[in-house]
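Written below as structure tokens is the structure these notes are about.
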Amino acid sequence: MTANAPAAPVVSLTGFSAEYRTRLGVTRALDGIDLDVARGELLAIVGESGSGKSTVSQAIGRMLPRACHVTSGSVHVLGRDLADLAPDAIRALRRESLGFIPQDPMASLDPTMRIRRQLELALRPLGGPVDPGSLAQLLESVRILEPDRVLRLYPHEVSGGMAQRIAIALTMAREPEILIADEPTASLDAQVRDEILTLIVDLVQRSGATLIWISHDLGRVRRWCDRIVVMHQRRILEEGPTARVLDEPRADYTRTLVAAMPGRADLAAKETE
Ligand SMILES: Nc1ncnc2c1ncn2[C@@H]1O[C@H](COP(=O)(O)OP(=O)(O)OP(=O)(O)O)[C@@H](O)[C@H]1O
Ligand SMILES: [Mg+2]
């Protein structure tokens, strides 16, 4: 492929719909989602609670909860139609190409294992010996300054911010091409938030990975993302380059979101006049 050839999207959802079937009845989760994500893009998905953001991220890894059923459409990841892949091929794709950064880092750490062991398993999933230097290097890559001390600790002995750095290190150890972060700083205080997001964006840019970041935080989205997808009631309401969506929102709902953004109320008011 020449440098100028249009690159195929790394993630593509086409007419994708899904619904929850529970004892209480059927609830729609996504309704006809069309979304292409380009390689190297930093994409934000924003929208109110229940609009379908997490379901989109779960669909990309074919990790929908058991009660959630696909009713139409397709998901392609790195050119492959997930519907055509056997379960072990999907697991391999997840392991080799996708990385998930969780909302609650503690939930992704094993409380019974020292940090050292968890990192060893991430670097050598089948158990073999791991060069101790590579463990320290991995922790340094997430800006943990005393790796030797941290390697000896159990998850309950570290702070929330430190746990998220470790969770990011575990994810990045596998060098994912596509990183999905569903509200990765929701459990952290404001001061640590910027540090963690700067770290994620920096790692993504250095590795050339693609970031899909689900967020409620439009201020930080403006700072870091190339493009915004706004979801509303299980559909994509509008999408476009970050500045266009935030400065010239087309949908009323997006205007409301922008108006609620700290320091942006004046602009939103001007646009609705
Ligand atoms: N466990 C569940 N049981 C039944 N329906 C569900 C369940 N989880 C999600 N849904 C349905 O799927 C829709 C989309 O949910 P999803 O979790 O993707 O939203 P979200 O945008 O990630 O919300 P939040 O910002 O709160 O995380 C919800 O509006 C709801 O109708
Ligand atoms: Mg969610």
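The values are calculated or read from the model by the stated rules, or taken from the named source; none is laboratory data. Predicted, not measured: the structure shown is a model, and the values here were computed from it. Backbone-built Cβ (ideal geometry, glycine too); neighbour counts: all protein chains shown.
Considering the range 33-147, the qualifying helices (runs of 4 or more DSSP H), each wholly inside and each with 1 or more residues that are away from ligand 2 (no atom under 16 Å from the Cβ), run over 87-97, 105-108, 115-123, 132-141. Once the range 56-82 is narrowed to residues that are within 24 Å of residue 217 (Cβ to Cβ) and either away from ligand 1 (no atom under 14 Å from the Cβ) or free of Cβ contacts under 8 Å to residues at least 40 places away in the same chain (or both), the residue that is surrounded by the fewest Cβ atoms within 10 Å (Cβ to Cβ) is 63.
A Cβ distance below 6 Å, combined with a sequence gap of six or more or placement on separate chains, defines the contacts here; from the range 90-105, residues that are closer than 21 Å to residue 53 by Cβ reach residues that are within 16 Å of ligand 2 (Cβ to nearest atom) and among the charged types (D, E, K, R) in the pairs 103/182; 103/183.
Please work out if residue 64 is more than 20 Å from residue 231 (Cα to Cα) and in contact with a helix residue (DSSP H, G or I) (Cβ under 9 Å, 6 or more places away or on another chain). No; evaluated as a whole, the condition is false for this residue. If you go through the range 131-144 and keep only what is within 21 Å of the chain's Cα centre (by Cα) and closer than 16 Å to residue 175 by Cα, you end up with 138, 139, 141, 142.
Considering the conditions (1) under 26 Å from residue 200 (Cα atoms); (2) away from ligand 1 (no atom under 16 Å from the Cβ); (3) in a strand (DSSP E or B); (4) among the β-branched types (Val, Ile, Thr), residue 14 is excluded by exactly one of them, (1).
Considering the range 93-107, the residues that are of a type in the set (A, V, I, L, M) and at pLDDT below 95 include one that is surrounded by the most Cβ atoms within 10 Å (Cβ to Cβ), namely 101. For the range 118-130, does any single residue satisfy the condition of being closer than 18 Å to residue 199 by Cβ and over 25 Å from the mean Cα position of the chain (by Cα)? Checking the range 118-130: not a single residue is closer than 18 Å to residue 199 by Cβ and over 25 Å from the mean Cα position of the chain (by Cα).
One residue alone among 243, 186 is surrounded by fewer than 19 Cβ atoms within 10 Å (Cβ to Cβ), modelled with pLDDT under 95 and either farther than 27 Å from residue 122 by Cβ or within 16 Å of ligand 1 (Cβ to nearest atom) (or both), and that residue is 186.
Condition check ((1) within 16 Å of ligand 1 (Cβ to nearest atom); (2) closer than 23 Å to residue 61 by Cβ; (3) of a type in the set (A, V, I, L, M)) across all residues:
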residue: 191; (1), (2), (3): no, no, no
residue: 194; (1), (2), (3): no, no, no
residue: 203; (1), (2), (3): no, yes, yes
residue: 207; (1), (2), (3): no, yes, no
residue: 213; (1), (2), (3): yes, yes, no
residue: 219; (1), (2), (3): no, no, no
residue: 234; (1), (2), (3): yes, yes, no
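Restricting attention to the range 18-30, the residues being away from ligand 2 (no atom under 16 Å from the Cβ) and surrounded by 15 or more Cβ atoms within 10 Å (Cβ to Cβ) number 1.
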